[in-house]
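Visitor: Mind having a look at this structure? Questions to follow.
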Amino acid sequence: MQQMDYYQGYDYAQQQAYQRSLQLMAEAVQGEREDQLFYDYLISKAPNAEQKDIITSIRNDEIRHNQLYRQMYQQLTGQEVPMAPEEEFVPPASYIDGIKKALFGELKAMEKYRIIRAGLPYREYRDVVFEILTDELKHATLYNFLFTENRTSSPAPAQQPQTPDEWVMYTNYLVQEGLEDVRRGVPATHILQEFILMGVLVGQGYTPEVAYQTVEEWERTGQSKLLQQSKNRMN
């Protein structure tokens with residue numbers, strides 16, 4: 001069965017938007033096995049029944065979303081979503097790292113789903129994606145709650161540095177990353193902003209590696225507009 005040509009007679013930009021929607025719709029449902037293993041991991045590591053129930057409800061929503069996207073894709077193209085190579089599941093370093101990964105994943109998904117919705121024909125399809133988007137917004141709020149609950153209740157590292165020299169050695173990873181940014185010509189203001197923030201996070205109990213990844217994620221996702229702006233400025 002051939003793909004339905006909903007945009008016959010429409011301009012090139014509309015046709016491209018439609019094709020992009022189909023591509024992103026297929027990507028949204030690929031990698032289901034890895035997603036299932038990820039949810040199983042979070043549920044197994046959740047510290048109490050309330051958090052297990054929250055993650056289970058999110059998992060069930062995502063299963064339903066995948067079904068909806070598969071149905072729409074088949075209705076629009078007359079074909080099943082193409083198979084994609086399964087990626088090996090690598091468990092997060094910890095439960096809190098998994099929650100953080102899930103939170104950023106929801107934010108990225110919302111960006112994709114807005115693009116999908118904009119390129120789809122007919123209101124009935126756009127309404128379905130709008131319903132999915134509102135679920136993703138709810139998920140992001142729930143993950144933010146879980147992250148806050150576990151971050152504030154997590155004890156400080158058992159062997160946190162005590163002396164100034166121990167702190168110097170402990171933060172050497174950040175020093176090396178900062179020097180690498182200097183060699184790459186990253187603006188000085190941006191480097192100072194990033195690594196001062198990382199230092200603040202280390203003081204709150206983050207490891208230097210996790211502090212680095214967290215601040216880089218703030219910049220990459222646009223959660224911090226100021227970091228994005230300072231990176232694009234010249235020294």
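Visitor: Sort out which residues of segment 102-142 are among the aromatic types (Phe, Trp, Tyr) and touching a residue at least 60 places away in the same chain (Cβ under 8 Å), and write them in order of number.
Guide: Answer for segment 102-142, where residues must be among the aromatic types (Phe, Trp, Tyr) and touching a residue at least 60 places away in the same chain (Cβ under 8 Å): 104, 113, 122.
Visitor: Which condition does residue 118 not pass, out of (1) over 21 Å from residue 33 (Cα atoms); (2) surrounded by 14 or more Cβ atoms within 10 Å (Cβ to Cβ); (3) of a type outside the set (D, E, K, R), if it passes all the others?
Guide: Evaluating residue 118 over (1) over 21 Å from residue 33 (Cα atoms); (2) surrounded by 14 or more Cβ atoms within 10 Å (Cβ to Cβ); (3) of a type outside the set (D, E, K, R) leaves (2) as the failure.
Visitor: Among the residues that make up segment 32-44, is at least one of them over 30 Å from residue 149 (Cβ atoms), of a type in the set (Lys, Arg), at pLDDT 80 or above and part of a helix (DSSP H, G or I)?
Guide: The answer is no; no qualifying residue exists.
Visitor: When segment 64-91 is examined, which residues are found to be within 14 Å of residue 34 (Cβ to Cβ) and β-branched (Val, Ile, Thr)?
Guide: Answer for segment 64-91, where residues must be within 14 Å of residue 34 (Cβ to Cβ) and β-branched (Val, Ile, Thr): just 90.
Visitor: Tell me the residue from 74, 79, 162 that is polar (S, T, N, Q) and assigned to a helix (DSSP H, G or I), please.
Guide: 74
Visitor: Follow-up. Could you grab me the full set of residues in segment 45-55 that are surrounded by 14 or more Cβ atoms within 10 Å (Cβ to Cβ) and either part of a helix (DSSP H, G or I) or among the polar types (S, T, N, Q) (or both)?
Guide: 45, 51, 52, 54, 55
Visitor: Looking at (1) of a type in the set (Asp, Glu); (2) without any contact (Cβ under 8 Å) to a residue 24 or more places away in the chain; (3) assigned to a helix (DSSP H, G or I), which one does residue 97 not meet, given that it meets all the others?
Guide: (2)
Visitor: Checking the condition within 15 Å of residue 39 (Cβ to Cβ), part of a helix (DSSP H, G or I) and of a type in the set (Phe, Trp, Tyr), which residue from 125, 143 passes?
Guide: Selected residue: 143, the only one of 125, 143 that is within 15 Å of residue 39 (Cβ to Cβ), part of a helix (DSSP H, G or I) and of a type in the set (Phe, Trp, Tyr).
Visitor: Name the residue that is surrounded by the fewest Cβ atoms within 10 Å (Cβ to Cβ), counting only residues in segment 172-202 that are among the polar types (S, T, N, Q) and at pLDDT below 80.
Guide: Here the residue is 189.
The values are calculated or read from the model by the stated rules, or taken from the named source; none is laboratory data. Predicted, not measured: the structure shown is a model, and the values here were computed from it. We place every Cβ from the backbone using ideal geometry, glycine too, and count neighbours over all the protein chains shown.
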